[in-house]
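Asker: My questions all concern the structure below.
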Amino acid sequence: MNDLEAYFNANNKRLINKFLHYFQVYERHFSRFRNKEVVIVEIGVSHGGSLQMWKDYFGGKAKIFGIDVDPRCKDFEEENIKIFIGSQSDRNFLRETITKIPPIDILIDDGGHTMVQQIVSYEEMFNSIKADGVYVCEDLHTSYWMKYGGGHKRRGTFIEYTKNFIDYLNAYHTQERSLKVNEFTQSVDSIHYYDSMIVIEKKRREQAPCIEKTGNISFSIDSPPSPLIFRVFPIYQFCESFMNYIFRFLGINRAFRIPENILKKIRRY
Ligand SMILES: C[S@@+](CC[C@H](N)C(=O)[O-])C[C@H]1O[C@@H](n2cnc3c(N)ncnc32)[C@H](O)[C@@H]1O
């Protein structure tokens with residue numbers, strides 16, 4: 001059991017409301033920030049228990065900020081815990097709030113969990129997270145719940161919105177104009193999906209990743225396994241590439257592959 005789980009289980013202070021499997025995720029992504037001068041922001045204060053938990057976990061040098069639409073949450077301020085009252089879907093409120101918070105190490109969105117709230121909060125707050133910071137959005141299962149505007153592969157859900165992040169992360173390798181290197185590509189190191197949760201770890205990546213070789217070769221890299229394959233291989237590779245360009249040009253959104261049984265026959269000769 002990690003320290004956060006232990007705190008949660010023994011909690012007799014303000015109420016905390018979390019999925020139990022989140023505690024493993026927190027430990028994995030947050031432990032490097034403990035006992036440092038960190039800035040933690042949580043959207044969704046409720047009874048204030050999670051803010052107290054972060055304060056205990058990150059230690060006396062941490063500054064904890066909460067954001068909630070419910071004005072009663074203001075009462076939960078205490079030393080090192082400050083709370084802003086307003087809606088996470090109100091871009092003006094978020095822009096103003098950001099000016100009152102130092103650069104953020106960790107942002108946790110545990111607010112109202114509707115699609116618009118999650119998207120607006122991400123769009124307004126992500127750039128205020130430090131270059132080595134972490135962004136977390138919880139309770140992504142609402143992307144599958146009708147009453148939150150969700151549904152499997154439904155356009156406009158937050159989960160569909162985040163699926164684009166996978167393309168942006170890999171944009172240094174694109175060969176098409178439809179995918180471009182953007183700020184996300186240059187500022188994100190990794191994306192982690194858990195049940196109901198996304199965690200994005202930031203790191204500056206101004207250039208495409210480098211590839212290098214080390215160690216000793218075991219056979220000549222330039223010579224293929226057999227002279228005959230050497231003659232055949234580039235032909236079917238060329239055919240596949242050519243057909244894939246044609247498919248793309250015609251708007252056919254799938255990859256062309258020479259069937260495996262034909263490849264086997266070619267290889268036999
Ligand atoms: C799931 S609770 C937060 C639980 C808390 N983080 C915890 O772990 O104990 C959700 C909170 O989000 C707040 N909320 C709902 N809609 C909001 C909005 N539009 N903007 C900000 N907060 C909102 C609710 O008032 C509620 O306090």
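Asker: When you look at Ile106, is it surrounded by 21 or more Cβ atoms within 10 Å (Cβ to Cβ), hydrophobic (A, V, I, L, M, F, W, C) and touching a Gly at 6+ places or on another chain (Cβ under 8 Å), yes or no?
Answerer: Yes: the conditions hold for Ile106.
Asker: If we scan the stretch 182-190, do we find a residue that is of a type in the set (Asp, Glu), modelled with pLDDT of 95 or more and within 16 Å of Asn164 (Cβ to Cβ)?
Answerer: Yes, the conditions are met somewhere in the stretch 182-190.
Asker: Consider the stretch 188-208. How many of its residues are hydroxyl-bearing (Ser, Thr, Tyr) and within 29 Å of Arg248 (Cβ to Cβ)?
Answerer: 2
Asker: Hey, does the stretch 118-125 have a residue that's under 20 Å from Gly150 (Cα atoms), among the aliphatic types (A, V, I, L, M) and in the same structural domain as Val38 (by TED's automatic domain parsing)?
Answerer: So far as the stretch 118-125 goes, yes, one or more of its residues are under 20 Å from Gly150 (Cα atoms), among the aliphatic types (A, V, I, L, M) and in the same structural domain as Val38 (by TED's automatic domain parsing).
Asker: Look at Leu179 and say whether it is under 28 Å from Phe33 (Cα atoms) and either among the hydrophobic types (A, V, I, L, M, F, W, C) or modelled with pLDDT of 95 or more (or both).
Answerer: Taking the combined requirement at face value, the residue does not satisfy it.
Asker: Of these, Asn12, Asn35, which one is in the same structural domain as Leu140 (by TED's automatic domain parsing), out of contact with any strand residue (DSSP E or B) (no Cβ under 7 Å at 6 or more places or on another chain) and within 20 Å of Lys130 (Cα to Cα)?
Answerer: After ruling out the rest, the residue left standing is Asn35.
Asker: I would also like to ask the following. What are the pairs, 6+ residues apart or on separate chains, where a residue within the stretch 136-158 that is at negative phi and part of a loop (DSSP other than H, G, I, E, B) has its Cβ under 6 Å from a residue that is hydroxyl-bearing (Ser, Thr, Tyr) and within 16 Å of the ligand (Cβ to nearest atom)?
Answerer: Gly150/Thr142; Gly150/Ser143; Thr157/Ser143
Asker: Here is a list: Phe76, Phe65. Which entry is aromatic (Phe, Trp, Tyr) and surrounded by fewer than 21 Cβ atoms within 10 Å (Cβ to Cβ)?
Answerer: Matching residue, one of Phe76, Phe65: Phe76.
Asker: Away from the ligand (no atom under 13 Å from the Cβ), surrounded by 15 or more Cβ atoms within 10 Å (Cβ to Cβ) and not hydrophobic (A, V, I, L, M, F, W, C) - does that describe any residue in the stretch 12-22?
Answerer: no
The values are calculated or read from the model by the stated rules, or taken from the named source; none is laboratory data. Just so it is clear, the model here is predicted, and its values are computed rather than measured. Here the Cβ is made from the backbone with ideal geometry for all residues, glycine too, and neighbour counts use every protein chain on show.
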